[in-house]
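Contents: one structure, followed by commentary.
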Amino acid sequence: MWKTTLAQIRAHGGRLIASCLAIVIAVGFVVATLVLSESANATITRAVGAQYVDTDAVVVPDVGPESPTPSGGSAPGEPSLDELVPRVVELDAVAAVAADAEAFVQALVPGTSGSQYVTVESIAVDEALRWQRLSEGRLPDRAGEVAVSARAGAQVGDTISITFYPAVSSDDPGAIEPGSASAPEPSTEEATVVGVVDLSGDPTAGLRGRYFATPEQVTGWGGTEPTQLRIAANDGADVGDLIESVRSLVDGAGITGTVLTGQEQAAERASSLTGNTIALATFLLIFGSIAVFVAGLVIANTFSVLLAQRTRELALLRCVGATARQVRRGVLGEAAITGFGASALGVGVGIGLAAVVSAIASGVESPIPLGALSIPLYTVLAGLAIGTLVTVLSALAPSKAATRVSPLAALRPMDHAPLRSKRGLVRLAIGLGLFLPGFALMVLGVTIGEILIALPGEMLSALGALLLLQRVIPPVVALAGRLIGGPGGVPAKLAAGNATRNPRRTAATATALLIGVTLTTGLLVGAASTRVTAAADLDRTYPTDVIVATYDQWIPASLADQLRTVENVDSAVALVSTDATASIDGPIQPIQAFGVDLGAAGDTVRAADSLPGPGQVTVNRGLARSQGLAEGDPVTFDHEDNTVTLSAHLVDAYDDLVMSREDLLTLDPEAGTGQIWLRVSDDLTAEQNTEVINEITDLATQAVPSVDVSGLISVRLAVDSILDVLLMVVTGLLGIAVVIALIGVGNTLALSVIERRQENGLMRALGLTRGQLRGLLAWEALLVAGVAAVLGVVAGSVYGLAGAAAVLSETDEVIIDFPVLQVLAVIVVATAAGVLASVLPARRAARTSPVAAMAN
Amino acid sequence: MSHPASYPTPSEHARAQSPAAVRSLALTKTYGRGEASVTALDGVEVAFARGAFTAIMGPSGSGKSTLMHCLAGLDTPSSGQVWLGDTELTALRDTELTTLRRERIGFVFQAFNLLPVLDARANMVLPMELAGASPDPAWTDAVVARLGLADRLTHRPHELSGGQQQRVAVARALLPRPDVIFADEPTGNLDSRSGAEVLGLLRSSVRETGQTVVMVTHDPIAASYADRVVLLGDGRLVGELSDPTADDVIDALRRLELGGSIAGPSSNGGR
């Protein structure tokens, strides 16, 4: 049987290209994702681990949950790691100890504008524990010297001015309120750059500059207590013992901390960073699995069409003695060989793609760390396994159908299985069996907002729907056929008849297009709804574009009018404010309350829901949660002799307590303007936005020097553009699956025309002209493609909305936006694509002489 | 081209079985249901002798193809039995029937005999390969030589003429030395010279190696190559001829079509 199988592949290889292509693309995608994810992890691990290369043991103090800075030395009240150092050094096995500390300073590099916030890390005193690689110069060896990372933009020999806050005692760690009485004043010193450290490959290198200085200098610049102790052991010392001894020292000193080997610590640090890459990889693999799923559908379709064309050969095999099992094994063997070959190619493509992406990423200094490619064996094996498995699984159903070919079919024309036959009923049963649970799962996933449940549900129900639709397609085509019969003339009537005469072929052709249209529509509808919902959510979170606020004096009333005249400011509304005390069920707190003219504010604010209604006061959701406040709970305000009680209205936006202007004036009839809200025109460029904000700031500062202008619009626009990019990426990724489906369409249509050589030849012999034959094939394609497009659009809309709902479940309200024009365009394009795909085969069919076509 | 008797004939123990290579008992086949039902075979009882070349003839619609399909185990009758030697075909399931087709039954069809993807040699040994058996090289060479295919073995079917394709089909049928070779209109698509070649090859295989051949044909000339001709009409056995010439067959057919029986004179007189 093998010989026959191999010979089949060799002879009909061309017809398998579409399936191969589908697998290559899908496997390539998956492999690229896996390889990139691995490479990113490897890069991170290597970079993070660089620090611990020569370290045998690390002491990391446990910082309690209340500590505000994650790396702020040991827990308050406990001795600092510094005190441990002399005792550790005494251990026999210890060769060197380094106490790593950090300081956070502002650095002004000559030639750059504005100072940057940088971290200054201490260098190990002992050479053995110095891990920094230099690309220029040397490491500092006394105070007043620094080595910088490339990000800092400084050269060796530059003088940098460092602004820092001298160290605070460990009883008061963390937040220093600028302007509060107990805070120390900042000082400025100068430091000389003596070296540049090579941090390439470090994922955190790009975020801000890293400086390195001696431990004394770090302390001098307000450095924290050591965040870890790195210990190098003597050659030949037993690391396990060392760790035990150090651990007992740590416990003995009353420090709560962990002692790990250098490698373990590196792995720990890396794992927190790689968490992000794992999330990204999961995200990409979701699309990878969709691509694989679609590829599977395309392959199943292609194989069933191919096998239908080989009925006579299969029958002959059965005649000369091939058992059903041998036939099935032959078909599956073909699938396995094709799948494996295509997968191997796909693995190559995937690795190549990963290499390209990696090269681009490392050239561009992206936040995603990609150094050299890391290609573990499992990625290759996974790619091969997935591709081969999917191909074989997809060929299972067609192979079963192939075994049902009766040997007699070699001797006389095939009887088409009527849909009412047992086979048809079985399909119906399986279709329902897949569809109903799948749909239920999908609804469950959407309701609880878990995409990882909704997605398999969608796939399962899609499979079931496909089987069911295949039964629906022929009758629908028949119906549609009656519509075109009139205007289309003879070819159209013949086309309608043709399409209904062979339900299997019609269904197979339509299926390929159905898959593509469903995907595309799902994508469009899902993306549109996501966009609109996310935009509305964004508006609710940042309803005000610009807020001008003061905290210590009133804003002159004329400022609002002035600001309204600024170019590109659409509207402005002034808020009155007063100091009051508020109580909710418990302690009375001093607060500042604001009152806004509800009528005027409607135009200025982007989300009406973020305004209080009459008798309400807005409370930030986060604040409400911490105070145990629910929507509608009463809040009482007191100011001098006035009391006002309002009901709370929870919002996602501002922290301020905003009520209606009338209510505030009741509280304090002499309240002045405390804030101005401004709305900026839509669709401005980033430069225009900056200009508007600058002008507003200028005008406001002239009126009130201590004014604070916050341009939330920048944040909103930034998030908006990230959303755009995200949607584009998602579209691109799903587009891959659409491409796979389109390959299936072209292939199936071409094959279906070839399959009917004899029929077409007969019709030509009986008097159908070439033009009429081309017209007939075009009408048929139009009919089938049109029906498939409409059905696909319906199915795609359902799935797209379900997908969007599952993804957006965290927002309060999912807005459904149905992009009618785009969907209509899909129907038109899909139908046209179907017709176009049949043009070439139709031309070939028309050109063949009738006799040649009818001969076998 | 004749190598008399130096090659084993269908085995002795097969001969020791019933003298009929294949026979049927009360074979009936109906298609369709109710008013649309068609009776293709109506209680046909026929036996085909071993080592003989038998032709089944009849006008269109007489059921001759259906009879052959049932005898070969390709189709299941509505009622009745078919015996291949001592094996009852009608009692076997599909897999067992299939196994039988590899080793004990050979086929030659009118058209589409060969797999287009395999070359001549591969097509020839296909049934034996499916059985997992390897053909006896000496026997293979002999068959190839007898059929004049030695220089065509590596060619694909589309590179062979019609006659050559049929010869490959005959070789495929001969190779496993089956109990019976069924030939369904084997010369229908061939010109008279190629047709004569193929028929001659079939007959010589019967003469020289004792192969049993059952051929369905509508061509009187082809039928004349047979030792015995069995005539079917409307699904029933209506007569038989022994060692007929082509003219004998034509006469018999004419009488059949005119509604008479073979034995008696026609009611319309000769024409």
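Tabulated data for the structure shown
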item: Rounded to 5, percent antiparallel among DSSP beta bridges of region A:595-678; result: 55
item: Under 14 Å from residue B:29, Cα to Cα: aspartates and glutamates that are on another chain or at least 8 residues apart; result: B:42, B:45, B:75, B:234
item: Label zone at residue B:95, where the point sits 7 Å out along the Cα-to-Cβ direction: region A:322-342 residues whose backbone N lies under 20 Å; result: A:322-333
item: Chain A: relative contact order as a whole-number percent, Cα under 8 Å and 6+ apart; result: 15
item: MRE, 222 nm, helices only [DSSP H, n ≥ 4, -39500 (n - 2.57), over chain A, to nearest 500]; result: -19500 deg cm²/dmol
item: Unit charges on C-beta of K, R, D, E only; dipole of region A:756-853, Debye; result: 1280
item: Most positive-pole-ward Cα, A:707, A:675, A:738, against dipole of region A:624-738 from beta carbon charges; result: A:738
item: Calculated FRET efficiency for the pair residue A:662/residue A:631, C-beta based, R₀ 22 Å, to 0.05; result: 0.55
item: Estimated FRET transfer efficiency when R0 is 45 angstrom, pair residue A:264-residue A:385 (beta carbons, to 0.05); result: 0.90
item: Protein heavy-atom accessible area occluded, B/A pair - total, 1.4 Å probe, Å²; result: 2200
item: Residues whose placed amide H lies under 5 Å from that of residue B:43, excluding near-sequence neighbours; result: B:27, B:28, B:29
item: Average silhouette area of region A:283-367, convex hull of alpha-carbon atoms, in square nanometres; result: 7.3
item: Gain on full stretching of the segment that runs from residue A:562 to residue A:278 - 0.36 nm per residue minus C-alpha separation; result: 97.1 nm
item: Global form of region A:523-623, assessed from the alpha-carbon gyration tensor, a/c cut-off 1.5; result: oblate
item: Per-residue mean of C-beta atoms belonging to partner chains within 10 Å, peptide A:309-322; result: 6
item: Protection-proxy order for peptides A:684-697, B:77-90, each taking the mean of Cβ atoms within 10 Å per residue, highest first; result: B:77-90, A:684-697
item: Relative contact order for chain B, counting Cα pairs under 8 Å that sit 6 or more residues apart, in percent; result: 26
item: Paramagnetic label zone (point 7 Å from Cα along Cα-to-C-beta, residue A:688; backbone N under 18 Å) in region A:543-587; result: A:545-546, A:564-572
item: Charged-residue dipole, Cβ positions (Lys, Arg, Asp, Glu), the protein assembly as shown about Cα centre, Debye nearest 20; result: 12200
item: Karplus (6.51, -1.76, 1.60) ³J(HN,Hα), θ = phi - 60°, over region A:674-685, in Hz, Gly and Pro reported as x; result: x, 8, 10, 9, 10, 10, 9, 4, 6, 6, 8, 7
item: Residue A:645 versus residue B:88: modelled label distance in nm, points set 7 Å from Cα along the beta carbon direction; result: 9.9
item: Peptide-level mean, for B:54-62, of C-beta atoms on other protein chains within 10 Å; result: 0
item: Among A:438, A:108, B:200 the positive-end extreme of the charge dipole of the protein assembly as shown (Cβ point charges); result: B:200
item: Counting DSSP beta bridges with both ends in the protein assembly as shown, the antiparallel % (nearest 5); result: 70
item: Dipole magnitude (debye, nearest 20) for region A:226-268, charges at Cβ of Lys, Arg, Asp, Glu; result: 180
item: Mean separation of Cα contacts under 8 Å (6+ apart) over length of region B:76-154, as relative contact order %; result: 23
item: Distance (nanometres) between label positions extended 7 Å along Cα→Cβ at residue A:188 and residue A:589; result: 3.8
item: Hz values of 3J(HN,Hα) by residue in region A:647-652 - Karplus curve (6.51, -1.76, 1.60), Gly and Pro given as x; result: 9, 6, 10, 7, 10, 8
item: Reachable aspartates and glutamates from residue A:3, criterion Cα separation under 13 angstrom, eight or more residues apart if same chain; result: A:334, B:119, B:129
item: Shape of chain A, Cα gyration tensor, a/c cut at 1.5; result: oblate
item: Shape category assigned to region A:413-545 from the gyration tensor of Cα positions, a/c cut at 1.5; result: oblate
item: Distance between modelled label sites at residue B:133 and residue A:87, nm, 7 Å Cα→Cβ extension; result: 9.0
item: Per-residue average of Cβ from other chains inside 10 Å of B:72-79; result: 2
item: From phi via Karplus (6.51, -1.76, 1.60), per-residue ³J(HN,Hα) for region A:341-354 in Hz, x at Gly/Pro; result: x, 5, 4, 4, 4, x, 4, x, 4, x, 5, x, 4, 4
item: At most 15 other Cβ within 10 Å, DSSP loop - chymotrypsin sites (Phe, Trp or Tyr not before Pro), region A:536-640; result: A:551, A:554
item: Helix A:17-50 vs. chain A, principal-axis angle (Cα, 0 to 90°, nearest 10); result: 20
item: Of all accessible heavy-atom area on the protein assembly as shown, the percent that carbon and sulfur account for (1.4 Å); result: 58
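The values are calculated or read from the model by the stated rules, or taken from the named source; none is laboratory data. Source: prediction; values computed, not measured. Don't worry about glycine lacking a Cβ; one is built from the backbone with ideal geometry, like all the others, and counts go over all protein chains shown. For accessibility, only protein heavy atoms count, side chains too; no ligands or nucleic acids. Shrake-Rupley method; radii C 1.70, N 1.55, O 1.52, S 1.80 Å.
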